[in-house]
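Report on one structure; see the data block that follows.
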Amino acid sequence: MTFQEQCREAARKFLQTVVLVDDQADYSGEAEKADNNFSSKQARGDVSETNSAIDAAAVKAVETEEDADNAKAAGETAVSVVEDTAAYEVENDISEPDEFDSVQERDVREAVGLRPKEDLDAGAITRGFAESGLICSILKPSASEPIEDEVSKVAPKSDVIVLDWEMGGGDSGDTTIKIIQKVFDCDKKSGERLRLIAIYTGIRDLHSISERLDKEFAELQIGAQSLELHNQAGTIKVVVLGKGLAADHEKGQERHCVEEDGLAERLVEEFAHFSGGLLRNATLASMGHLRSNTHRLLARFNNRLDGPLVTHYALLGSPEDAQQYVADLILQEIEAQIPLSRVSRTFAGYESVKALMDEKFSEELEPQIIIDKKGDKTFPITTANAKSLAEVGAKALKDRHEDIAKARLEGEDFETLADEAKAEKIKTEKERVARDLNGEGLAERLYCLFGDEYSDGVKNHEEFSIASGIKRSNNHLDGFEQENLPSVKLGTIIHDGGHYYVCLTPVCDSVRRKDPANFLFGRLFEDKKKFNVVLDDKGTRKRLFLNRKDAYLKTFELRPSADGTVRAEMKDGDAFVTLASVGKAAPAEKGEDKQQVAAAAEVETVRWVAEMKPMQAQRLVGAVTSNLSRIGLDEFEWLRMLADNWSG
């Protein structure tokens, strides 16, 4: 499969629901089509049927050789009758011509009796989507409720939204603009989501629509295709499509014209182009598989298990822990339902990597590697080299070391050297190249492999690091209810106004807290060269380092929330954790209210920044504790130096 075929396959596995909004949608197209079958055939000039009628009349007239003259006359009469009848029926079926239609297309449209191109054949639409395995819901604006409110109710559960441009008697797109804005607002509240919106319209000039959208929405920009708009994050795409045939729209817009029965396949293609990528394809296919197999999950967790679950509650004696057990159980079962190995092999395996490279690389774009420390100088390699890199690593470039060495040495000083001196310099530089492209050195040479600028390539690699190590961060907390805000536990990263700290306290010690408790944290130092954690703090990338050999440990006394959990709270768009005073309040005197005394104590807050993934956090704890548990011995130096290293 080509990479685009893989993208379409992943999109098909994922897509399920489409919402279409059009005030001209109706199901009367079927009846019209049946009524117009006969006139359609005549108007399209069905020569074979006309000739058959003529021949039949002529044959019938020819009875004998003696009546040949009469037969000829009868044939001519039959021709005249048939032609007059066809002309009469066509003439009575012709409607007012559209000044925008071409002559040929207008004749066919008028003769066949097609509905105006602004109308929408809902029957053809739903059938087309059904054939593609998609469910399409069609909404028509009504006076009872604003259509934007209706769409906002179904938007969270729809994969694609299709909108007419002019609704309510030609409002020049105002209603559609309101709908799109409402959908964007809903998506912001629930966090970023992949969103495809298609404008499907009979308006002749499609470019006027994309230009209006570009002016109305600051977050959207017109892309390489003038009828497509995207946001900077690449999570939203708005495409403008024309109803009907190319003749119904301006020249140059033919590729964006789609008839009703082909709309479903076109939307799948648009979604695939928009969402395609190695990781995205694997994710879409995984979620599609989960959607299709939800019934298995429900069958496994049937109502016969309610009794055992109540038993678990009773024996545990802690509703909070029982709830967490249920959440973990569901998560584990979801993971078990997805054939992750097969999905990743199919959509993000080595064959997919090669397919991606075949699509990306061409005469205009060659793969390239960085050959200097600053990222200013790159060296082009072949597509075969790039594919081999993904398979065997640094070995793939072994036969290019000399070429890379020569590229590094390019300059006036090198050109003036004698041949023998040049050869010696090339030999020395070749050895240096071999060292630079081996192991860790290769990691900093691939930022520009796909043609990215050096800085963009670094950002992309940092983003992957964040996805690998950070479970969630303060970039995605807006709109969360208090009980859904993160708690402080193992792997939580906070900022006290001067430094970052990561929580090293076990998860079990962060729940069921009635009073302030001490939590152990390790300081994370900012270091661009030496780091083991990458995070995004409100849009600012940070490379952080926990020094396991010289760990800076600190305890913070944290105040729990009403539910007994030390939980972050939202304030001014940021997340904070309540910090009990460093100096505890003096004990209450006789007769004093203990709660008032505690409230009088100084209270501060620290900023909640991120939460690491459990295994990543556990590795940090292991690194610190293993270093702390080392045993120091005063021993025979000869033995210490020559014996096997106990620490490995």
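The values are calculated or read from the model by the stated rules, or taken from the named source; none is laboratory data. It should be emphasised that the depicted structure is a prediction, and the values quoted were computed from it without experimental measurement. Here the Cβ positions follow ideal geometry from the backbone for every residue, glycine too, while neighbour counts run over all protein chains shown.
Where helices (runs of 4 or more DSSP H) fall entirely within segment 412-488, those with at least 3 residues that are closer than 29 Å to Thr382 by Cβ and of a type in the set (Gly, Ala, Ser) are at 454-469.
In this structure, does Ser210 turn out to be buried (at least 20 other Cβ atoms within 10 Å of the Cβ) and either more than 22 Å from His273 (Cα to Cα) or of a type outside the set (A, V, I, L, M, F, W, C) (or both)? Break it down into steps so the answer makes sense when it comes.
Working: buried (at least 20 other Cβ atoms within 10 Å of the Cβ): yes; either more than 22 Å from His273 (Cα to Cα) or of a type outside the set (A, V, I, L, M, F, W, C) (or both): yes.
Considered against the rule, which asks whether it is buried (at least 20 other Cβ atoms within 10 Å of the Cβ) and either more than 22 Å from His273 (Cα to Cα) or of a type outside the set (A, V, I, L, M, F, W, C) (or both), Ser210 comes out as yes.
For Val353, the criteria (1) at pLDDT below 95; (2) within 19 Å of Ser286 (Cα to Cα) hold in every case but one, which is (1). Considering only residues in segment 128-146 that are under 17 Å from Tyr200 (Cα atoms) and out of contact with any Leu (no Cβ under 8 Å at 6 or more places or on another chain), the one that is modelled with the lowest pLDDT turns out to be Pro141.
Among the residues of this structure, Arg408 does not count as one that is surrounded by 15 or more Cβ atoms within 10 Å (Cβ to Cβ), of a type in the set (Lys, Arg) and under 22 Å from Met357 (Cα atoms).
Segment 290-402 holds helices (runs of 4 or more DSSP H) entirely within its bounds, and those carrying 1 or more residues that are closer than 24 Å to Glu440 by Cα and either in contact with an Asp or Glu (Cβ under 8 Å, 6 or more places away or on another chain) or in contact (Cβ under 8 Å) with a residue 24 or more places away in the chain (or both) map to 340-348, 350-360, 383-392.
For segment 241-253, the criterion of a residue being within 23 Å of Glu5 (Cα to Cα), of a type outside the set (D, E, K, R), within 26 Å of the chain's Cα centre (by Cα) and outside the structural domain of Ser210 (by TED's automatic domain parsing) is satisfied by no position. Screening Phe274 with (1) farther than 23 Å from Thr2 by Cα; (2) in contact with an Asp or Glu (Cβ under 9 Å, 6 or more places away or on another chain) gives one miss only, at (1).
Considering segment 267-306, and only residues there that are outside the structural domain of Glu333 (by TED's automatic domain parsing) and of a type in the set (Asp, Glu), the residue that is surrounded by the fewest Cβ atoms within 10 Å (Cβ to Cβ) turns out to be Glu269. Is it fair to say Ser468 is under 24 Å from Asp563 (Cβ atoms) and not aliphatic (A, V, I, L, M)? So Ser468 fails the test. For segment 361-413, the tally of residues that are assigned by TED's automatic domain parsing to the domain that holds Leu442, more than 26 Å from Lys529 (Cα to Cα) and polar (S, T, N, Q) stands at 4.
Taking segment 306-341 as the region of interest, how many residues are in contact with a His (Cβ under 9 Å, 6 or more places away or on another chain) and within 19 Å of Asn281 (Cα to Cα)?
Step one: list which residues in segment 306-341 are in contact with a His (Cβ under 9 Å, 6 or more places away or on another chain), which gives 322, 325-326, 337-339.
Subset that is within 19 Å of Asn281 (Cα to Cα): 337-339.
Residues in segment 306-341 being in contact with a His (Cβ under 9 Å, 6 or more places away or on another chain) and within 19 Å of Asn281 (Cα to Cα): 3 in total.
Number of residues in segment 447-456 that are closer than 20 Å to Lys530 by Cα and surrounded by 19 or more Cβ atoms within 10 Å (Cβ to Cβ): the value is 1. For segment 140-178, the set of residues classified as among the hydrophobic types (A, V, I, L, M, F, W, C), crowded, with 19+ Cβ neighbours inside 10 Å and not in a helix (DSSP H, G or I) consists of Val160, Ile161, Val162, Leu163, Trp165, Met167, listed by residue number.
Sort out which residues of segment 134-149 are free of Cβ contacts under 8 Å to residues at least 40 places away in the same chain and out of contact with any helix residue (DSSP H, G or I) (no Cβ under 6 Å at 6 or more places or on another chain), and write them in order of number.
Once the filter is applied, which keeps residues that are free of Cβ contacts under 8 Å to residues at least 40 places away in the same chain and out of contact with any helix residue (DSSP H, G or I) (no Cβ under 6 Å at 6 or more places or on another chain), segment 134-149 yields Ser142, Ala143, Ser144, Glu145, Pro146, Asp149.
For segment 489-513, the set of residues classified as touching a Gly at 6+ places or on another chain (Cβ under 6 Å) and either over 19 Å from Gln616 (Cα atoms) or among the basic types (Lys, Arg) (or both) consists of Arg512, Arg513, listed by residue number. Inspection of segment 98-107 identifies no residue that is at pLDDT 50 or above and of a type in the set (Phe, Trp, Tyr). Restricted to segment 179-198, and to residues there that are of a type in the set (A, V, I, L, M) and either in contact (Cβ under 8 Å) with a residue 60 or more places away in the chain or assigned to a helix (DSSP H, G or I) (or both), the residue that is surrounded by the most Cβ atoms within 10 Å (Cβ to Cβ) is Ile179.
Among residues belonging to segment 417-436 that are small (Gly, Ala, Ser) and over 12 Å from Lys406 (Cβ atoms), point out the one that is surrounded by the fewest Cβ atoms within 10 Å (Cβ to Cβ). Walk me through how you get there before you give the answer.
Within segment 417-436, the first condition is being small (Gly, Ala, Ser), and the residues that meet it are 418, 421, 423, 434.
Next, only the ones that are over 12 Å from Lys406 (Cβ atoms) stay: 418, 421, 434.
Numbers: Ala418: 8, Ala421: 11, Ala434: 16.
The extreme case among them is Ala418.
Within the group Thr540, Thr565, which residue is among the β-branched types (Val, Ile, Thr) and modelled with pLDDT under 90?
None of the others qualify; the one that does is Thr565.
For segment 368-395, how many residues are of a type in the set (A, V, I, L, M, F, W, C) and over 32 Å from the mean Cα position of the chain (by Cα)?
To start, the set of residues in segment 368-395 that are of a type in the set (A, V, I, L, M, F, W, C) comprises 369-371, 379, 381, 384, 386, 389-390, 392, 394.
Retained after the next criterion (residues that are over 32 Å from the mean Cα position of the chain (by Cα)): 371.
Residues that pass the stated criteria total 1.
Exactly one residue among Lys189, Lys215 is modelled with pLDDT under 90 and under 26 Å from the mean Cα position of the chain (by Cα), and that residue is Lys189.
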